[in-house]
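Sharing a structure with you now.
The values are calculated or read from the model by the stated rules, or taken from the named source; none is laboratory data. Values in this document were obtained by computation on a predicted structure and should not be read as measured data. Glycine gets a Cβ as well: all are built from the backbone with ideal geometry, and neighbour counts include every protein chain shown. Note: accessible area is taken over every heavy atom of the protein model, side chains too, but ligands, DNA and RNA are not part of it. Shrake-Rupley method; radii C 1.70, N 1.55, O 1.52, S 1.80 Å.
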Amino acid sequence: GNSVTQMEGPVTLSEEAFLTINCTYTATGYPSLFWYVQYPGEGLQLLLKATKADDKGSNKGFEATYRKETTSFHLEKGSVQVSDSAVYFCALSVRENSGGSNYKLTFGKGTLLTVNP
Amino acid sequence: AAGVIQSPRHLIKEKRETATLKCYPIPRHDTVYWYQQGPGQDPQFLISFYEKMQSDKGSIPDRFSAQQFSDYHSELNMSSLELGDSALYFCASSLRATTSKPNTGELFFGEGSRLTVL
């Protein structure tokens, strides 16, 4: 089956520190990979995505590279801000039915990031 | 651009009551997904619909049912509510892939409906 394993938190950093949140996956088929972010009391927002090997997704200073050889999609940011404090979910999507549109998203457990001033 | 709309945003119910959550997908999206996120948990897939037919089923309790209507909106019906049903319920939508228009598998999520069972 499909599964996502991501670094357990919580992660606490000072402002301007470097961030890495590890994510590895197992999948039947060729998945698309995603990072979603959930700010306190809010819904899920797509942060970035990558759909094939060696693709790099990037947004708001965050980056993640689709590594097929290591089945990984680690999230990085060079300099975090207090406003980045949130829960980050790594996720994968594999098309379930041939010719259909059923892309069931499988999430990791989430990593709580707290950035202190 | 129009997003996925969920209602109500917040709902408080007593044990053994029923609740109905509604989801309006992005226009022209034909697939709707429901997820449940308990406190401090990752979202768990409940059920999905494609072109008004159930397409996949996850960890949805028998007390819950859902359907997709002719206008593609979906409703999640929950009966005999239990304390453990207190959670954030997300709806997401996506568009069917075609050979001329590949799909990245991205799901577009609504803001969620927070159900509290007392």
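Which residues, taken from segment B:45-70, are assigned to a strand (DSSP E or B) and of a type in the set (Val, Ile, Thr)?
The answer is B:ILE47, and nothing else.
While we're here: With the structure loaded, tell me whether A:LYS56 is within 14 Å of chain B (Cβ to nearest Cβ), over 15 Å from A:THR114 (Cβ atoms) and either open to solvent by 60 Å² or more (accessible area, probe 1.4 Å) or more than 15 Å from the chain's Cα centre (by Cα) (or both) or whether it fails that test.
For A:LYS56, the condition - within 14 Å of chain B (Cβ to nearest Cβ), over 15 Å from A:THR114 (Cβ atoms) and either open to solvent by 60 Å² or more (accessible area, probe 1.4 Å) or more than 15 Å from the chain's Cα centre (by Cα) (or both) - is not met.
Within segment A:23-38, track down each residue that is surrounded by 15 or more Cβ atoms within 10 Å (Cβ to Cβ) and more than 14 Å from every other protein chain (Cβ to nearest Cβ).
Scanning segment A:23-38 gives a single hit, A:THR24.
Mind checking which residues of segment B:1-44 are open to solvent by 20 Å² or more (accessible area, probe 1.4 Å) and not in a loop (DSSP other than H, G, I, E, B)?
The answer is B:ILE5, B:SER7, B:HIS10, B:LEU11, B:ILE12, B:LYS13, B:THR20, B:LYS22, B:TYR24, B:GLN36, B:GLN44.
What's the number of the only condition in (1) within 14 Å of chain A (Cβ to nearest Cβ); (2) basic (Lys, Arg); (3) more than 26 Å from A:GLY9 (Cβ to Cβ) that B:ARG114 fails to meet?
(3)
Now, a different point. So B:GLU75 clears everything in (1) within 13 Å of another protein chain (Cβ to nearest Cβ); (2) more than 19 Å from A:CYS90 (Cα to Cα); (3) in a strand (DSSP E or B) except one condition, right? Which one?
(1)
Another question, if that's okay. Could you please give the count of residues in segment B:10-48 that are among the basic types (Lys, Arg) and modelled with pLDDT under 95?
1
Every residue, every condition in (1) of a type outside the set (Gly, Ala, Ser); (2) modelled with pLDDT under 95, yes or no:
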residue	(1), (2)
A:GLY9	no, yes
A:THR12	yes, no
A:TYR30	yes, yes
A:TYR88	yes, no
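Oh, and also: Tell me, yes or no, whether segment A:105-116 has at least one residue that is more than 12 Å from chain B (Cβ to nearest Cβ) and β-branched (Val, Ile, Thr).
Yes, segment A:105-116 contains at least one residue that is more than 12 Å from chain B (Cβ to nearest Cβ) and β-branched (Val, Ile, Thr).
How many residues does segment B:81-113 hold that are outside any loop (DSSP other than H, G, I, E, B), open to solvent by 30 Å² or more (accessible area, probe 1.4 Å) and modelled with pLDDT of 95 or more?
So the count comes out to 2.
Restricting to segment B:1-35, what's the tally of residues that are among the aliphatic types (A, V, I, L, M) and more than 14 Å from every other protein chain (Cβ to nearest Cβ)?
4
Scan segment A:93-111 and give yes if some residue there is over 27 Å from B:CYS91 (Cβ atoms) and open to solvent by less than 10 Å² (accessible area, probe 1.4 Å), otherwise no.
no
Sort out which residues of segment A:59-80 are under 14 Å from A:ALA17 (Cβ atoms) and open to solvent by 70 Å² or more (accessible area, probe 1.4 Å), and write them in order of number.
Of everything in segment A:59-80, just one residue is under 14 Å from A:ALA17 (Cβ atoms) and open to solvent by 70 Å² or more (accessible area, probe 1.4 Å), namely A:GLU76.
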